[in-house]
Amino acid sequence: MHFIHFNTECMKTLCLALFLVVLSFSALSQEITQQIRGKIFDSESHVGLPGANISVIGSDPFIGTTSDLEGNFVLNEVPVGRISIQISYIGYENYFVSDMLVSSGKEVVLNIPLTESFTNLGEVVITPDIERDEAMNQMATLSAKTFSVEDASRYAGGMDDPSRLASTFAGVTPSTVENNEIVIRGNAAKGILWRVEGVEIPAPNHLAGLFSGGGVNTIFNSNMLSNSDFHTGAFPSEYGNALSGVFDINLRTGNNTKREYAEQVGSYGIDFAAEGPFAKGKNASYLLNYRYSTYGLLQDLLPQVTGLPSYSDLSLKLNFPTRNAGIFSLWSINGMGSIKYLNEKDPSKWKTNYDSYDYDIRYNLTASGMNHRKIIGNNSYLSSSVSFSATEYINKNNYFRPDLQEIPVSDQNEIDYKYSFAGFLNHKFSNRHTNRTGFAVNRLQYKYDVAANTDVAINDRPDFFVKSNDHAWYYQFYSQSKLKLTENMDLNAGLHFMMLNTNNKVTVEPRLGINRKLSDNHKLSFAYGRHSRIERY
């Protein structure tokens, strides 16, 4: 007979291996889950709706809950993966969240607006018939679409960029594959109105000064986004100073129950994000995201590589709910970008005309604001904001003749500032009529110092100069209403007024839209709008 002898070390190793095997089987047998929470509220008055039913479709065992007195809800132990959620509430139209991704690393927070039904009768039966072409803005009739952070990340060519995502929509085409500039029904990107948290800002694209409103990509990462709207025509009257389209960007609120951190490495940049409550048990929260471009890293590691865009950006949102004074929020987006090229000082190596140029181009942007929103009674809310934005565009360009004589082409130094104060009152008169009336006061300030050479073949020095430092004011006022004429027909109507003090000209822009529901799957819409935009100085 043969006996196998185990020493102490062998026994420890076997025990450890057995423990790991048991642990792995235990982990496989336990389903990974996540928490979903959020708020259900009236889409017109923004008042929370208590007692709404929220459930995960097809869950077994059933996963569901109801909203509390303020409209808040929590769904616990939701399996990770793609799920669909349905919401029902007495007297309100159905709502359906389809194919939403739930991951183990991040809690899901939803803000769901419900629309009061025309007849205001019994409980609504939920069916999965969400219209993804509907905008969040209830005053929009057509040519509007909602997009989310998940849309931007799932689209193969989106690169986490709202502009590139929008290029897939009807009536929109990309201008070039080299940047995110888009053309909307033949209109240039410089005619697009960009709004962040309800505030008009300059085009938030890296190196936007180099292109006609487009850039390398947007200054804020899509991870900062909440559901946002994109309009391509006949905009509601609250959108002024726009010609071709509107990006109405909403930043999401940071998690106010636990701190979360994320890192992401992609072809366009390296990101770091953080969010969470300022203090445990308090509702105030923070959300921030920093990104540094991958191209910038390549140039740092390979100094001989030139002509690649380098950029970095920082975005943040701070949210401060109060018991009686409403919700205060601070937000800011900031970006710095540059592109530099030094040519070979050997004409024999020049293959194209561009090889005979040196350039150093920089574009910096900052935009910040403080917003306040307060619910008044059961049918109204008041929103106001103060904001500041600034852009700096520098373009130094030199041309080298075959004899290496250096000829200055351009020396642009352009700085623009904007200060704004805006507000509106949204009032729901009934389930048939809602009105929004608001204003904006804007102060523009600019400082330009430009020297340019119009023909380098003839001129040895600049022959075109601009030197100006001045300011202007423009004022906006609008009022718009949504009327439910019948159960199957609604009307959106409004006026937008804009006046520029340099010429004291008042522009009146009427907006009108009609929707007629023909059947469960068909709808006929008509919209008209007059639009105008102030050109840069």
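List, in order, the whole-Hz ³J(HN,Hα) value for each residue of segment 102-110 obtained from phi through the Karplus relation with A = 6.51, B = -1.76, C = 1.60 and θ = phi - 60°; use x for Gly and Pro.
These are the phi-based 3J(HN,Hα) values: 10, 10, 6, x, 9, 5, 9, 10, 10 Hz.
Once the other residues with Cβ under 13 Å from the Cβ of V456 are scored (Lys, Arg +1; Asp, Glu -1), what is the net sum?
Residues near V456 contribute -3 overall.
Taking 51 Å as R0, compute the FRET efficiency from the Cβ-Cβ separation of L342 and R443 and round it to 0.05.
Here the calculated transfer efficiency is 0.80.
Report the FRET efficiency, 1/(1 + (r/R0)^6), for S430 and S104, where r is their Cβ-Cβ distance and R0 is 51 Å, rounded to 0.05. Walk me through the numbers before you get to the answer.
Numbers: r = 45 Å, r/R0 = 0.88.
With a Förster radius of 51 Å, E is 0.70.
Collect residues whose amide H, placed 1.01 Å from N in the peptide plane, falls under 5 Å from the amide H of S226; neighbours closer than 5 in sequence don't count.
Residues meeting the amide H criterion: N250, L251, R252.
Mind scanning K349/K467; K282/K374; K145/K428 and naming the pairs with a C-alpha gap bigger than 26 Å?
Checking Cα-Cα distances, K349/K467 exceed 26 Å.
Count the DSSP beta bridges whose two residues both fall in segment 172-529, then state the antiparallel fraction as a percent rounded to the nearest 5.
Counting only bridges with both partners in segment 172-529, antiparallel ones make up about 95 percent.
Taking θ = phi - 60°, what integer Hz values does the Karplus form 6.51 cos²θ - 1.76 cosθ + 1.60 yield along segment 207-216, in sequence order, with x for Gly and Pro?
Ordered by residue, 3J(HN,Hα) equals 6, 5, x, 7, 10, 8, x, x, x, 5 Hz.
Would you mind calculating the relative contact order of the chain from Cα pairs under 8 angstrom and at least 6 residues apart, reporting the percent as a whole number?
Reported relative contact order: 10 percent.
Output needed: percent of Cα pairs per 10 Å distance bin for segment 344-438, bins running from 0 to the one holding the longest distance.
The percentages, shortest bin first, are 13, 23, 16, 14, 12, 11, 8, 2.
Using the Karplus curve 6.51 cos²θ - 1.76 cosθ + 1.60 with θ = phi - 60°, what ³J(HN,Hα) values do you get for each residue of segment 512-528, in whole Hz, with x for Gly and Pro?
8, x, 10, 10, 10, 7, 8, 7, 5, 10, 9, 8, 10, 10, 9, 8, 9
What number does segment 172-529 give for Rg over Rh if you use C-alpha atoms and the Kirkwood radius?
1.03
Between K280 and Y419, what is 0.36 nm times their sequence separation minus the Cα-Cα distance? Round to one decimal in nm.
Values: separation 139, 0.36 × 139 = 50.04 nm, distance 3.53 nm.
Result for the pair: 46.5 nm of gain on full extension.
Starting from the Cα of K351, step 7 Å along the direction of its Cβ; do the same at N488; then give the gap between the two resulting points in nm.
Result: 6.4 nm between the two label points.
Gain in length, A188 to N76, computed as 0.36 nm per residue apart minus the alpha-carbon separation, to one decimal in nm?
35.6 nm
If you rank V441, V56 by fewest surrounding Cβ atoms within 10 Å, what's the result?
Details: V441 15, V56 21.
Arranged by neighbour count, lowest to highest, V441, V56 become V441, V56.
We did not get these values from a lab; they are worked out from the coordinates using the rules stated. Computed from a prediction, not measured in an experiment: that's the story for all the values here. Positions of Cβ are generated from backbone atoms using ideal geometry, with glycine treated the same way; all protein chains shown enter the neighbour counts.
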